[in-house]
1. Hey, does segment 71-93 have a residue that's aromatic (F, W, Y) and part of a strand (DSSP E or B)?
2. Given (1) among the hydrophobic types (A, V, I, L, M, F, W, C); (2) under 18 Å from K129 (Cα atoms); (3) surrounded by fewer than 16 Cβ atoms within 10 Å (Cβ to Cβ); (4) in contact with a Pro (Cβ under 7 Å, 6 or more places away or on another chain), identify the lone condition not met by A52.
3. Please determine, by comparing only the residues of segment 107-144 that are of a type in the set (S, T, Y) and surrounded by 10 or more Cβ atoms within 10 Å (Cβ to Cβ), which one is farthest from the chain's Cα centre (by Cα).
4. Does V12 fit the bill of being part of a strand (DSSP E or B), crowded, with 16+ Cβ neighbours inside 10 Å and modelled with pLDDT of 90 or more?
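The values are calculated or read from the model by the stated rules, or taken from the named source; none is laboratory data. What you are looking at is a predicted structure, and each value in this text was computed from that prediction instead of being measured. Using ideal geometry, Cβ is built from the backbone for each residue, glycine included, and neighbour counts are taken over all protein chains shown.
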Amino acid sequence: MNKQDASNRQNVASNRRARANYDILDTYECGVVLQGSEVKSLRGGSVQIAEAFARVRSGEMWLLGMQIAPWGHASTQNGHVVDRPRKLLLHRVEIDRLRSRTEQEPLQLIPLSIYFRDGKAKIELALAKGRRQYDKRHAIRKRESDLEARRAMSYRNR
């Protein structure tokens with residue numbers, strides 16, 4: 001992502017635990033089909049994506065488990081369902097590639113973040129492999145040793 005794209009990006013929510021619980025293999029930016037009151041709630045930051053995941057059903061990509069709280073000013077009749085499946089917009093080639101990889105290997109599709117770019121809601125979707133408990137401990141140990149090495153190098157270079 002270049003600097004101009006990063007400046008147009010307006011973060012709404014991120015899945016912090018995803019990078020701790022999964023090894024991220026690849027990321028995709030995809031659009032999401034929303035209703036009007038859902039967009040208003042997103043702009044207010046009323047979304048929870050920690051338990052969300054994506055699946056391919058009948059040739060389409062769907063996001064399940066994302067909860068968008070009802071917008072406070074919406075009427076109860078025209079409001080949205082908090083936990084409904086939401087369609088993700090990807091190219092056909094990408095959907096087919098993701099479907100085949102998740103069927104052949106034990107991989108999951110998890111959202112890393114949701115943001116607005118040029119007024120459109122986007123989701124950063126990751127193709128990830130779940131970590132086991134010992135893998136998590138190993139990753140923490142490696143991160144701490146790298147941090148300690150960087151500190152020692154910066155202290156030495158003073």
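1. Taking every residue of segment 71-93 in turn, none turns out to be aromatic (F, W, Y) and part of a strand (DSSP E or B).
2. Evaluating A52 over (1) among the hydrophobic types (A, V, I, L, M, F, W, C); (2) under 18 Å from K129 (Cα atoms); (3) surrounded by fewer than 16 Cβ atoms within 10 Å (Cβ to Cβ); (4) in contact with a Pro (Cβ under 7 Å, 6 or more places away or on another chain) leaves (3) as the failure.
3. Y115
4. For V12, the condition - part of a strand (DSSP E or B), crowded, with 16+ Cβ neighbours inside 10 Å and modelled with pLDDT of 90 or more - is not met.
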